[in-house]
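Since the structure comes first, as structure tokens, the remarks are kept for the end.
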Amino acid sequence: MQQSDRKKQWQRIQQQLSYTFRTSRFYQRVFQEHCVQVDCITSYEDFSKLPITTKEQLQQYNEDFISIPQEQIIDHVTTSGTLGEPVSYYLNEYDLERLAENESRSFKLAGITRQDKVLITTTLDRRFMAGMAYFLGLRKLGAGAIRTGGGLPGLQWESIFRFKPEYIIAVPSFLLKLIQYAEENQIDYQNSSIRSAICIGEPLRTSNFELNSLGQKISSLWDIELFSTYASTEMATAFTECYKHKGNHVPEDLIFTEVLDQDGNHVAAGEIGELIVTPLNVQSMPLIRFATGDMLTYTDTACECGRKGRRLGPVIGRKQQKIKLKGTSLYPQHIIEILNRFNGLQNFIIEVSLDKNGVDRLKILIPESFREIESLKEHLKAFLNVLPEIRLEDSKTLQYLKFPANSRKPKIFYDLR
């Protein structure tokens, strides 16, 4: 980052700190408890001494984070509740405009123009921020939006052939469902209008920015370009990769990112750490140094597309979801990637619990009709260096676990510890 850009970024951070201290009951209390003088924070060294904000604090003191009068709140949303109860989050008109600006830029990164049409297969209901953000971003960009929502493969294909969108927004595993439905119903999906997919909710790439097993599986069946994205409700910001597919670009005027080790020190580029974010230009619920719990890498080198600034690697797991199995440290995404590589295994659930001695116990639930169990065990041991328990389940149970009622996205990992 150039000196002038760094100066502008610190001005934005200082403005956000000043606004937050004036308006947030939570941060007024925290800053006073830690003797923080907002006006004295002029460098990252000063900023890094501020306390981390946790998801637990956002849950416990939720209303104390609200920094605007209640009557200014326009939209009420909640997080997906991946690690527990959903957390309430609020937006006013200014925040919705900021959300639209972020998504509009993200779509431009993926090559979408006002001449294009986009099929949105993510829900706009269920208090979900993403579906709304996508619609607002397309509206701001001037592109056409086709709001089909989640599920209903038949409706998706009917909409594709009726309106001929060039792009589709979807969870990657849902793309596989669309392909399966098309093959079963003799739909010529290879010759549809779709040329690219904006993917949400599941990682598509490895730490080397190559397509992972899920991405490879989709690409081998459907010749479309896949764009990876990363976002969360609390960040109120989306990170999207460009056509070079070398990491998710950070809109540095909208959010400040840190990647920290377990001791709170910033890790070097390429090293794994927890993403800590400070969304900028947020009015309704400003967050300072918010711990996302997501473990990833980053790079600050210029992208091959010519853009400068930070890019984030794919999320390899949640900090709280780290598994210690017989001395080996594992993250769920690593296990998912290994299982996706095994040909013939279409459905599975990962479950971790504690045994009677308080030690991590890892189970892989697979269909009872699966016949290559010994080969699967050899595969897991070769790539994980340890062997989890294998348990057979009927297909209906696995399907219910993967797509629980009211879930916004597939749930493959269950942490019962």
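No value in this document is a laboratory result; all are computed from the given coordinates. Remember, it's a predicted structure, so these values are computed and weren't measured experimentally. Don't worry about glycine lacking a Cβ; one is built from the backbone with ideal geometry, like all the others, and counts go over all protein chains shown.
General observations
- Amide H contacts for G317 (H built 1.01 Å from N in the peptide plane; partners 5 or more residues away or on another chain; cut-off under 5 Å): M295.
- Within-11-Å neighbourhood charge of F383 [Cβ basis; K, R +1; D, E -1]: 0
- Amide H contacts for R361 (H built 1.01 Å from N in the peptide plane; partners 5 or more residues away or on another chain; cut-off under 5 Å): S353, L354, D355.
- Calculated FRET efficiency for the pair K8/S219, C-beta based, R₀ 56 Å, to 0.05: 0.90
- Charge dipole of the range 1-318 about the Cα centre (unit charges at C-beta), most positive-ward option of G293, V171, T53: V171
- In the range 322-415, the C-alpha radius of gyration followed by the widest Cα-Cα span (Dmax) gives 13.1, 37 angstrom.
- Note on N185 and K363: their simple-model spin labels are 3.6 nm apart, each label 7 Å out from Cα toward Cβ.
- Measuring against 27 Å, Cα to Cα, the residue pairs K55/K140; K356/K409; K326/K377; K55/K177; K140/K164 contain K55/K140; K356/K409; K55/K177 as the ones spanning a longer distance.
- Point-charge dipole on Cβ atoms (K/R +1, D/E -1) for the range 322-415, about Cα centre, debye to 20: 300
- Contour minus Cα-Cα distance for T54 and R371 (0.36 nm per residue): 109.7 nm
- For the range 121-133, 3J(HN,Hα) per residue [Karplus equation, 6.51 cos²θ - 1.76 cosθ + 1.60, θ = phi - 60°, Hz, x = Gly/Pro]: 9, 9, 5, 9, 9, 6, 6, 8, 6, 4, x, 5, 4
- The stretch between C40 and D394 holds 121.4 nm of extra length on full extension. This uses 0.36 nm per residue minus the Cα-Cα distance.
- Listed values (1) 97, 54, 47; (2) 65, 59, 42; (3) 96, 55, 41 include one computed from this model; for Cα extents along the principal axes in Å that value carries the label (2).
- Taking 0.36 nm per residue of separation and subtracting the Cα-Cα distance, full extension of the segment from K381 to R307 would add 22.5 nm.
- Remark: spin-label model distance S193-A269 equals 4.1 nm, labels positioned 7 Å along the Cα→Cβ axis.
- With neighbour counts taken as other beta-carbon atoms within 10 Å, the residues R310, R6 rank, fewest first, as R6, R310.
- Listed values for the range 166-171 are Karplus-derived 3J(HN,Hα) couplings in whole Hz (6.51 cos²θ - 1.76 cosθ + 1.60, θ = phi - 60°), namely 8, 10, 10, 9, 7, 6, and x replaces Gly and Pro.
- The alpha-carbon of K7 sits under 19 angstrom from the alpha-carbons of these lysines, leaving out residues fewer than 8 places away in its chain: K308.
- Each DSSP beta bridge with both residues in the range 1-318 is either parallel or antiparallel, and the antiparallel ones are about 65%.
- For the range 275-289, putting each phi into the Karplus relation 6.51 cos²θ - 1.76 cosθ + 1.60 with θ = phi - 60° gives couplings of 6, 10, 10, 10, x, 9, 6, 9, 10, 6, 9, x, 10, 10, 6 Hz, in residue order, rounded to whole numbers and with x for Gly and Pro.
- Summarising the amide proton neighbourhood of K411: residues at separation of 5 or more, or on other chains, whose placed amide H is nearer than 5 Å comprise F403.
- Computed FRET value (nearest 0.05) for Q70 with R139, which takes r as the C-beta separation and R₀ as 25 Å: 0.40
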